[in-house]
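Below is one structure, written out as structure tokens, with a few remarks after it.
Bear in mind these aren't lab numbers, they're just calculated from the coordinates by the rules spelled out. Since the structure is predicted, the reported quantities are computational estimates derived from the model, not experimental observations. With ideal geometry, Cβ positions are generated from the backbone for all residues, glycine too; neighbour counts draw on all protein chains shown.
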Amino acid sequence: CKRGIHAVVYNSDVIEELSVKRLRGDNDEDGESVYGNGCSSLKSICLKELANGHSFMQLIIGSKKLQTLKLIGCVGNWDLTLGTVGKLNTLVEIHLEKVQVSDVGLVGVSKCLKLETLHLVKTPECSDAGLVAVAERCKMLKKLHIDGWRTNRIGDDGLISVAKNCPKLQELVLIAMYPTSLSLVEIASSCQGLERFALCGIGTVTDADIECLAAKCIALKKLCIKGCPVSNVGIAAFASGCPNLVKLKVRKCVKVTGEIAGWMRVRRSSLAFNFDHNQVEGLDGSGSDVGVQETTMAFPPIDNEVNLIDDSPSTSNNSNNNDNRWSMFRSKFNFVPCAFRRWTNIDTIS
């Protein structure tokens, strides 16, 4: 099988993409002799669920035009390979999912100065130190996806470094992590170009953090909040916050109730508000609504989508009805003008 791949790759001077999945049957250790020193035309390599993925090492580091590298569920330690990819000054996208890689490998990744997209999905040996190394050198970073897998090794320090050192960041996806207000406020304050943001299974996020995002993330267009202990108080901040927000998705946040949907319709009819208050399920990278293989953050339809189209006639009676509806909502949830109630008890997501 591997020699067949070798024949295809090295007998074509136009092949640009190579994807190898679940290759079985070759257990030889002489990967270097099979794959030589790279391919002159390859721009993308994806290796998925391989037991002998290391035999592609020379192909990876020898492909001088390589722009995208995806390693998904491949057996073995990948620190050595990633430690040398810094020689490839063409790499702009790296996906690491369910592979053995540590901060040593991330230091190698940090040498890719043109890196724009990085996915770290269920890589439990990666910590804040590795992410800081990437953030401090990869100034062109635009998209960052992290599934912490509840290992609590990547948190405030790494995210604060990203916020301070990556001014071009446009998309941030955080799954199953434990960031606090320290990093979330820094992200909201420093990432002025952030357009897409997802918080999935973040048991430490509070209403105050969400209100901070609403107040400071001026460029934000799409926001997904799933399985977080936020309430109507935090969601209500988007009635006037984030002026460029076009889509807000709230799923499985048990403190957010149906009343907020009607209230948001009155206050901000142009916002597409997808709401589902089903019970919280186990959250991880595969269970999130943000596909780890996508380069842009997805917001697929859900069962209880709320279509917020303001079709009410503009009459004085209707205006009075809206005022009465707002008064009832404010009374029910104890809203105080200009100062929303903060939640102090944080529920963790099991």
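Odds and ends about this structure:
- Spin-label proximity, residue 8 to segment 37-64 - amide N less than 12 Å from point 7 Å beyond Cα toward beta carbon: 46
- All C-alpha to C-alpha distances of segment 84-185, sorted into 5 Å bins beginning at zero, yield P(r) values of 3, 14, 28, 29, 19, 7, 1, 0 percent in whole numbers.
- With 5 Å bins from 0: P(r) over segment 70-116, alpha-carbon pairs, percent: 5, 24, 35, 24, 10, 1
- In nm, spacing of pseudo-spin labels at residue 164 and residue 136 (7 Å Cα→C-beta vector): 1.0
- FRET efficiency for residue 189 and residue 267, using Cβ-Cβ distance with R0 set to 22 Å, rounded to 0.05: 0.30
- FRET efficiency for residue 19 and residue 181, using Cβ-Cβ distance with R0 set to 51 Å, rounded to 0.05: 0.80
- With θ taken as phi - 60° and the Karplus curve 6.51 cos²θ - 1.76 cosθ + 1.60 applied, the whole-hertz 3J(HN,Hα) list for segment 144-160 is 9, 10, 10, 10, x, 6, 6, 7, 6, 9, 10, x, 4, 4, x, 5, 5 Hz, x standing for glycine and proline.
- Over 20 Å between alpha carbons, listed pairs 43/168; 87/164; 143/222; 21/143: 43/168; 87/164; 21/143
- Over segment 95-247: Rg over Rh, Cα atoms, Kirkwood Rh: 0.96
- Modelled label positions at residue 90 and residue 239, each set 7 Å beyond Cα in the direction of Cβ, lie 5.4 nm from each other.
- Amide hydrogen neighbours beyond the local backbone of residue 224, cut-off 5 Å, H modeled: 197, 198, 199, 249
- Paramagnetic reach from residue 221 in segment 236-268 [backbone N under 18 Å; point 7 Å along Cα→Cβ]: 242-249
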